[in-house]
Each structure stands twice: as structure tokens, then as C-alpha cells.
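Beneath this line is the structure, given in C-alpha cells, with notes to follow.
Just so it is clear, none of the values below were taken in a lab; they were calculated from the coordinates. Computed from a predicted model, the values in this text were never measured in an experiment. Counting neighbours? That spans all protein chains shown, and the Cβs are built from the backbone with ideal geometry, glycine included.
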Amino acid sequence: MEKQVAPVVIDNGSGFTKAGFSGEDAPCAVFPSVVGRPTHQGVAVAGGQKDRFIGAEALSHRDLLTLKNPIERGVVVNWDDMEKIWHHTFYNELHVDPANHPVLLTEAPLNPKPNKEKTTQVMFEAFSCPAMYVAMQPVLSMYSSGRTTGTVMESGDGCSHCEVDVRKDLFSTILLSGGSTLFSGISDRMKKEISHLAPPTVKIQIFAPAERQFSVWNGGSVLASLSSFQQMWISKQEYEESGPGVVHRKCF
């Protein structure tokens, strides 16, 4: 795929959506992943011109709205609201036409396969994206720190296991990621807790990047800007030929 414009990178979290363009150091849009609708019919909210509110605007009118989070524990549970958040991201936050930009999205480790296919379908059919890709959040966190091997501790729904032979390498590179890891002293606490669980001969190192609330997004920004990644995009032609299932062949 020829790179015409900067790809859009969207990290949809259960709490916040982070969005921006590949190659940049930080997302240019960060807002709560929440959709609000008027609780009572006939009650005007913000002049009565809108039937739904998204992000910070929804929270500012919380007394008059029913608020819902379309993502729970890292997984999309309400596709109508999720599409509204994506629409808001493209047109109101980034001010772009998604038909002109490849889009890289993130996913939780245990994201169900049907959800992955639905994401692909929405991007191509609802937003006419020329290309898209879905990347694993912990992997992107590693990329953001310039590492390819390690353990990512995210405050989210992901869990994993690993073979005994690789545990030594993982103990030596434990990366904190996500906004809930910003609590003071969490690095020392994590090292102390893991030291009680790990073999006494294993070296334990905790890495806590200053901007780790954006680690996943930053990893996506790095990945989407690499020349070696351009062949990994799912093109619209590939989608039309193979359907939503193409995402399992190209994104893993």
C-alpha cells in the first residue's frame, strides 16, 4: 500500500480513547470512552439540539444523561455506541475523513475473534477506510519502549502464561503500562511483590516510562510509521475479496 497520508492511530480503552497520527510523539486527542443520552424524553440538554453526547461533553451533562461505556474490560460490548465514538474521533477530534487515512486500532489480548471481525467490517463499510490493522496492546507497549522481549503489566483485562524457558528474560524486563500504573511507589511495590514469587537467582527489573499512560498509543504510532510495516496493512481490496475473516490472517 502506498503511503499517501499519515495513518490514524486509535487506542480505545475502557476508560479513555487516545487518538492521533503515526509518527507523532503523543496522541492529539484524549477523551473519556463514554456515550450519554438524555435520561428523560422532552428534557432539553445543551439546547436540545443533540440526542447523544460523547466524551467530556457527556460527563459535563451527567445529571441529565444516561451514561454508557461501549468498552468493558477491554472488549467492545455495544457496537452502536462504539461506532459513535469512532465517528466522533475522526470528525470532531482529529478533523479527518477516514476514507483518506489508513487506521491502526488496538485490541486487548483476549478480544474475541467475532469482535475483531466486527471492527474490520465497521472500518471498511461504515467509514470506507482505505486500509486498517488491529494490533495487540501489550505488544505495542513494548514497541513504545524500544523493546521486543519482556513482560507488560497493564491495568486491564489481559492475562497470559509463558513457558519456563523464557521466564528469566521476562522477569528481567517488566514494563508498566496504562494510566492506572501512575500511582506513586507502584514500581517499588511491584518489584517487592514479584521478588517473593520469583526464584531467588532471577534478576528482576521494573521499567516505568514517564508517559506510560500513552504507551500503547505510542507503540502504534511507531509501528504504523515503519516502512517495513506498510505491507502489513489490510487493504480494502483484500477485505472485499476475503471478507472480515482476513483480519485473522494478517493481524496476529
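Using θ = phi - 60° in the Karplus curve 6.51 cos²θ - 1.76 cosθ + 1.60, the 3J(HN,Hα) couplings for the stretch 8-20 round to 8, 10, 10, 10, 8, x, 4, x, 9, 9, 10, 9, x Hz; x is entered for Gly and Pro.
Amide H contacts under 5 Å for A135: L105, T106, E107, restricted to partners 5 or more places along the chain or on a different chain, H placed in the peptide plane at 1.01 Å from N. In order along the stretch 76-92, the Karplus-derived 3J(HN,Hα) couplings, from 6.51 cos²θ - 1.76 cosθ + 1.60 at θ = phi - 60°, round to 5, 10, 9, 6, 5, 5, 5, 5, 5, 5, 4, 4, 4, 4, 5, 8, 9 Hz, and Gly and Pro are given as x. Ordering S141, S128 from the fewest to the most neighbouring beta carbons within 10 Å gives S128, S141. Can you spot the lysines whose alpha carbon is less than 26 Å from K191's alpha carbon? Ignore those fewer than 8 places along the same chain. Leaving aside lysines fewer than 8 places away in the same chain, those within reach of K191 are K168, K203. Only DSSP H runs of four or more residues enter the estimate; each adds -39500 (n - 2.57), and after division by the residues of the chain the mean residue ellipticity at 222 nm equals -7500 deg cm²/dmol.
Measuring against 25 Å, Cα to Cα, the residue pairs K50/K236; K116/K236; K113/K192 contain K50/K236; K113/K192 as the ones spanning a longer distance.
Distant-in-sequence amide contacts of G13, defined by a placed amide H-H separation under 5 Å and a gap of 5 or more residues or a different chain, comprise K18. Karplus-derived 3J(HN,Hα) values for the stretch 217-233, using 6.51 cos²θ - 1.76 cosθ + 1.60 with θ = phi - 60°, are 4, 4, x, x, 5, 5, 4, 5, 8, 6, 5, 6, 8, 4, 6, 8, 4 Hz; glycine and proline are entered as x. Note on the chain: semi-axes of the ellipsoid equivalent to its C-alpha gyration tensor, largest first and rounded to whole Å, are 33, 24, 16. Amide hydrogen proximity for A29: with H placed 1.01 Å from N in the peptide plane, the residues at 5 or more positions away or on another chain lying under 5 Å are A19. Multiplying the residue separation of K113 and A26 by 0.36 nm and subtracting their alpha-carbon distance yields 28.4 nm. Paramagnetic label reach from A99 (point 7 Å along Cα→Cβ; backbone nitrogen cut-off under 17 Å): within the stretch 107-140, residues 122-132.
Quick one: net charge of K116's neighbours, Cβ under 14 Å, K/R +1, D/E -1? Summing Lys/Arg as +1 and Asp/Glu as -1 gives +2. Considering the dipole of the chain built from charges on the beta carbon (Lys and Arg +1, Asp and Glu -1) around the Cα centre, which of T201, V34, Q121 is farthest to its positive end? In the chain, that residue is T201. Among P27, P109, P38, whose mean-square fluctuation peaks in a Gaussian network model of the chain (Cα, cutoff 10 Å)? Comparing P27, P109, P38 in the GNM, the peak value goes to P38.
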